[in-house]
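Take a look at the structure below.
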Amino acid sequence: MSATDWGNIYKELGAKPVINATGSVTMLGGSTPAPEVREAMERADSAYVPLMELEERAGEAIANMVDVPAAYITSGAGSALTLATAACMAGDDDAKIEQLPNTTGMKNEILIQARQRYWYDRCLELAGAKLVSFGTLESTSREDLEKAISPNTAAVHYYAVAQEPDPHALSLEDTIEIAHDKGVPVLVDAAGQIYPLDLFGSYVRMGADFQCTAAKYMGAPQSTGLAFGSVDMIHKLALQSFVSYEGRRIRGVGRPQKVDRQEMVGAVAAVRRWMTMNHEDRLAETELKCRNMLKPLQSIPGVTAELIDNIIGHQPYGVTLELNSAVAGLAAEDVVNRLKAGDPPIWTRIREGDTGIILHAFGLNEGEDEVVGQRIAELFNK
Ligand SMILES: *Cc1c(COP(=O)(O)O)cnc(C)c1O
């Protein structure tokens, strides 16, 4: 592909390609598969393969590389969450698997800290489970969880964000101890918790029964995700999947959440790449792109532009822009909207709960870092 072919495949359809300064977000396409991932996907076309077998072998390969007991490739981390809840409710009982999302006669409540309610918790309800919040918006105690667990509790969910630990949430250690004491499994959303490498898979190694990872964050097709867990949990999760629906003729809720064979081998290649790549180089390249975005933005009156120095998780570094609109003449929303209206459009965002704009380098092609910095500076006549 030449640079002059930028976005033409979309333009031919009448859709407008954009420069992605937001980062790895589903809405813009999530990720671009790495060259070794694309090569693996291409090789998959040479033959057909029974997907039940491929899922098992690919899961074993990934589990070995990540050092977790078992793994399974899903249709995004979102599907991993849905299948995990189905596994917690129906287990390996085929009649129950075929009964979902009707949960009559099953434990069907997923406990979640009120403080940890989040965008993707809807995925926990898709198989018929009901979310039940515990604790308050201010804090969660051990007692809150102890009191919340009932005979109807199918699992406790935990949202892990190592780069921004929440001091007022109940810790995962406490969650696992209390839940396991009552025989209740613990599910963890660790979608972006993939770096440093010892963080990758760490929640299952700590004792959680399941964790999901979004493969979109590691150079796989964004339509893939990874479920890690105990052998028993991943076995039950697999029984809910589209592969089980077709291969075992047991009609579980996972049928609409397909993964292609190309995507399965692509996900294996993406994990292999992630476990063996030079992360120092990856981080240095990302930091440089962020510094290039930052450079033209540093002496604009009313604009405070800073480098984020985080390297934990899936999206290292980044640039924050805080605006004093009285001095700068524009509010943060105006900047986001004008960048989107430009040619080519540049997509950025004000993250939920924040006041300023956050720029990330994850989705920027060669040279686009400088374009983003300059286009923003131009809005302020710089
Ligand atoms: C992206 C993301 C998901 C969903 O992952 P998909 O692979 O897009 O389904 C879930 N949880 C968190 C925290 C995420 O960042």
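The values are calculated or read from the model by the stated rules, or taken from the named source; none is laboratory data. Note that the structure is predicted; figures quoted are calculated from it, not measured. Note that each Cβ is placed from the backbone with ideal geometry, even for glycine, and that neighbours are counted across all protein chains shown. Accessible surface is based on the protein model in full, side chains and every heavy atom, while ligands, DNA and RNA are left aside. Shrake-Rupley method; radii C 1.70, N 1.55, O 1.52, S 1.80 Å.
Can you confirm whether ASP281 is closer than 23 Å to LEU199 by Cα and of a type in the set (D, E, K, R)?
Yes, satisfied.
Based on what the data block shows, is ILE312 surrounded by 15 or more Cβ atoms within 10 Å (Cβ to Cβ) and more than 19 Å from the chain's Cα centre (by Cα)?
Numbers: surrounded by 15 or more Cβ atoms within 10 Å (Cβ to Cβ): yes; more than 19 Å from the chain's Cα centre (by Cα): no.
No; evaluated as a whole, the condition is false for this residue.
If you scan region 358-371, which residues turn out to be of a type in the set (Val, Ile, Thr) and in contact with a Lys or Arg (Cβ under 9 Å, 6 or more places away or on another chain)?
Matches in region 358-371: ILE358 only.
Does region 44-54 contain at least one residue that is without any contact (Cβ under 8 Å) to a residue 60 or more places away in the chain and open to solvent by 70 Å² or more (accessible area, probe 1.4 Å)?
Kept after step one, since they are without any contact (Cβ under 8 Å) to a residue 60 or more places away in the chain, are these residues of region 44-54: 46-47, 53.
Now restrict to residues that are open to solvent by 70 Å² or more (accessible area, probe 1.4 Å): 46, 53.
Yes, some residue in region 44-54 is without any contact (Cβ under 8 Å) to a residue 60 or more places away in the chain and open to solvent by 70 Å² or more (accessible area, probe 1.4 Å).
Check off (1) open to solvent by less than 10 Å² (accessible area, probe 1.4 Å); (2) touching a Gly at 6+ places or on another chain (Cβ under 7 Å) for ALA208 and give me the number that stays unchecked.
All conditions are met except number (2).
What's the number of the only condition in (1) at negative phi; (2) modelled with pLDDT of 95 or more; (3) open to solvent by less than 70 Å² (accessible area, probe 1.4 Å) that SER2 fails to meet?
Only one criterion in (1) at negative phi; (2) modelled with pLDDT of 95 or more; (3) open to solvent by less than 70 Å² (accessible area, probe 1.4 Å) is unmet by SER2, namely (2).
Out of region 279-307, which residues are in contact with a strand residue (DSSP E or B) (Cβ under 8 Å, 6 or more places away or on another chain), of a type in the set (A, V, I, L, M) and surrounded by 15 or more Cβ atoms within 10 Å (Cβ to Cβ)?
Hits for region 279-307 are MET293, LEU294, LEU297, VAL303, ALA305.
Restricting attention to region 63-117, report how many residues are more than 16 Å from the ligand (Cβ to nearest atom) and either under 23 Å from ARG272 (Cα atoms) or without any contact (Cβ under 8 Å) to a residue 12 or more places away in the chain (or both).
Here the count works out to 14.
Name the strands (runs of 3 or more DSSP E) wholly inside region 171-283 in which the number of residues that are more than 15 Å from the ligand (Cβ to nearest atom) is 1 or more.
Here the list reads 186-189, 225-229.
Hey, among THR74, THR175, THR85, THR103, which residue is β-branched (Val, Ile, Thr) and open to solvent by 10 Å² or more (accessible area, probe 1.4 Å)?
THR103
Kindly indicate whether TYR10 is touching a residue at least 40 places away in the same chain (Cβ under 8 Å), of a type in the set (Ser, Thr, Tyr) and open to solvent by 80 Å² or more (accessible area, probe 1.4 Å).
No.
For region 70-168, please list each of the helices (runs of 4 or more DSSP H) lying entirely inside it that holds at least 2 residues being closer than 15 Å to MET233 by Cβ. Let's see the steps before the verdict.
Values: elements: 76-90, 94-99, 142-148.
Those helices (runs of 4 or more DSSP H) span 76-90.
Write out, first by first residue and then by second, each pair whose Cβ atoms fall under 7 Å of each other, whose residues are 6+ apart or on separate chains, and whose first residue, in region 239-253, is farther than 16 Å from ALA127 by Cα while the second is at pLDDT 95 or above and open to solvent by less than 30 Å² (accessible area, probe 1.4 Å).
VAL243/GLU55
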